[in-house]
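Data first, discussion second: the structure below is written as structure tokens.
The values are calculated or read from the model by the stated rules, or taken from the named source; none is laboratory data. All figures in this text were calculated on a predicted structure; none of them were measured in a lab. A quick note on method: Cβ atoms are made from the backbone with ideal geometry, for glycine too, and the neighbour counts reach across all protein chains shown. Areas reflect the complete protein model, heavy atoms only, side chains present, ligands, DNA and RNA absent. Shrake-Rupley method; radii C 1.70, N 1.55, O 1.52, S 1.80 Å.
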Amino acid sequence: MTFEPFLFWVAHYIFLTGVGILSYGIGRKLTQRIRFNCAAEQFSFCTTLGLGILSYLVLLIGTFGFLYRWLVITVMGLILLLCSSAWVELFNGASSVYGERGGVRWRPMISVLLTLLVISPVFLLPLYPPTAFDSTMYHLAYSKLYVQSGRIVFTPYLRCPVSPQTNEMLFTLAMLLYDGVAAQLIQFLMMGVLTVGLIAFGRRHFSQKTGIWAGAIFLSNPMVLWLGASAYIDIGLALFVTIAIYSIFNWIQLKEERWLILGALFFGFSTGSKYSALFFLVLFSLVIVTIGIKNRKYRPIFLFVIIAVGVALPWYFRNWYYTGNPVFPFFGQIFGYGLWSPQDLQGQLQDLMQAHGMGRSLQSFLFLPWNLAFHQPKFQMEAPYSQIYLFALPFLFLSLRRSKIRQSFIIIFLYTLFWFSSAQILRYLIPIIPLLSLTTAASIESCLEWLLVGKVKWIKKGVVTFAIVILFFAPGWLYAVYKVNKEGYPPYTNRKQEIYLTRKLPTFPAYQYLNQTRGRDYSLYALFDENMAYFADGIFMGDWFGPGRFEKIYGKFSNLEALHRELQLLGANYFLIRRDRVKVDMPREDDFLQSHFKQVYENAHVLLFEVL
């Protein structure tokens, strides 16, 4: 292997480190009056807050149409200067640690370097070009359109024309300054911050051992690593939800209003990321209302609701502005259907509610832990969850006598019930997986101490704790090794990336042809190839729902004149057919076809015509 791939990998991680440092600085500047329990808590809270602020800053700049690289870099430079107090504190802290320890401690440094080397397959996962279905269908497609336009624009032809997009704003920042791989690395950063946050959560509310074990259990999930390496938004959602819950736990314990404000901000960020976070906002609003009424203190109630709703509001207002529905496309019968039809919404709900899972009967619910451990493909599995949660259930039930474990279990149970009653898709469980990992770790430690009372000295030894960490993390590490062995090393040149994309996405060469021959000057209608929106430099149309729905086109193959007329009405000057997803017989000798459709590209998977 040459030195070139290392330059590619290191350059991307330098960019990611820069985003992480900037985010930390923003968050630390805004939390200087908060006393954190440990460095891990300070890092996780400050970086999460900074990522949320950065996202809304991109939204603000993009809304006013100033989404230019030079301007964003200038703004980031000014932020670095404004956060100078955070850098001074960081430098002084590092200097004091160095001084107290009498210089560099080589043994810990070597241990860290060896650990990073062992887990290096995990760090390779987000460096592959984006290919995950939803990421290329709309998450990254949003960001690409925003960068191309220099503003936050309406995207009527994507699967979701509008949606809460806090995470996508960070993708937009990454793509504006670097590329799509950098956008995936944003989720990887969030996964890392979330892991550190779990360690701190465990340390404050249980024990340091619980926190470390929780982080290892969390990373043992191949699903977590897959999402952390993909430009989906679920890890970002899990980060905001978990740190929000952490904040509320701290507020309840310390009675300090600053923690409540942080919790409201993080719940606002989570609700601005995905609709499912509304569950947590409602649940914790009820918790805070209950506490407020019990203590006859109503200020926390209004403060929490106003901040959380206010943070999320821009996205829901944007939804309403473009579609008339603040939670588009849901509840169309109340707010209106916008660009969709009642049939579109019914089809989407049928896919979400009925196409996945193992039913909603009482028996299905009782067997849910078993099915989630051993029948995960039934729930649309991109990657599996660890089975440790099932095997740890006895420890959990035996530990419910502890109030914080019981409180965490109630939150997990209620969200699982919500998930079970709605869309039984495996990755939709991710918001409570961090809390479940923490509760599992706390339960295991609690039961081990109880079972081995008088003999717990062995479990307190660092080497044993580290051995258990390795045992917990092993499934995640094995998954990362398997993926890298299967895919090979991440491609690091344009040519290697094109070869990789062609292997993973067989219609990619058709888009490459259009981009190379027409640049951004084309409008493409793609039939049954909706997940390729990100790869089109021109206007992309074609989806199951919305103004470019497949129904308009597919039913007209028997009448080529009607097909041509419909494509012209849509403004498409190119027409792509995903021939391995639908059998279409084009009468090659037809005079109208030859005079109005010029075939410009063909392979075993795709036909591409210029519409004349």
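What to note about this one:
- Those residues of segment 481-509 whose amide nitrogen sits under 19 Å from the label point placed on V600, 7 Å along Cα→Cβ: 507-509
- Sulfur and carbon atoms: percent of accessible area, segment 226-325 [1.4 Å]: 70
- Heavy-atom surface of the chain, accessible at 1.4 Å and reported per residue (Å²): 45
- For the chain, the longest principal axis of the Cα atoms and the long axis of helix 234-254 meet at an angle of about 30 degrees.
- Pairwise label distance in nanometres, T517 with Q407, each label 7 Å out on the Cα-Cβ vector: 6.4
- Multiplying the residue separation of L60 and R258 by 0.36 nm and subtracting their alpha-carbon distance yields 68.8 nm.
- Each helix, a run of at least 4 DSSP H residues, gives -39500 (n - 2.57); summed and divided by the residues of the chain, these come to -20500 deg cm²/dmol at 222 nm.
- Extension gain, A39-Y68: 0.36 nm per intervening residue step, less the Cα-Cα distance, totals 6.9 nm.
- Computed about its Cα centre, the charge dipole of the chain is approximately 2560 debye, with only Lys, Arg, Asp and Glu carrying charge at their Cβ.
- Expressed as a whole percent, the accessible surface of segment 350-439 that belongs to carbon and sulfur atoms is 68, based on a 1.4 Å probe.
- If you plug the beta carbon distance of V481 and S422 into 1/(1 + (r/R0)^6) with R0 = 41 Å, you get a FRET efficiency near 0.75.
- For the chain, the longest principal axis of the alpha carbon atoms and the long axis of helix 180-205 meet at an angle near 20°.
- Fully extending the segment from L313 to W544, taken as 0.36 nm per residue of separation minus the present Cα-Cα distance, adds 80.3 nm.
- Angle in degrees between helix 462-487 and the longest Cα principal axis of the chain, rounded to the nearest 10: 10
- Cβ-placed point charges (K, R +1; D, E -1), dipole of segment 119-225 about Cα centre in debye, nearest 20: 300
- Measuring nothing but protein heavy atoms, the accessible surface of segment 474-584 at 1.4 Å probe radius is 50 percent carbon and sulfur.
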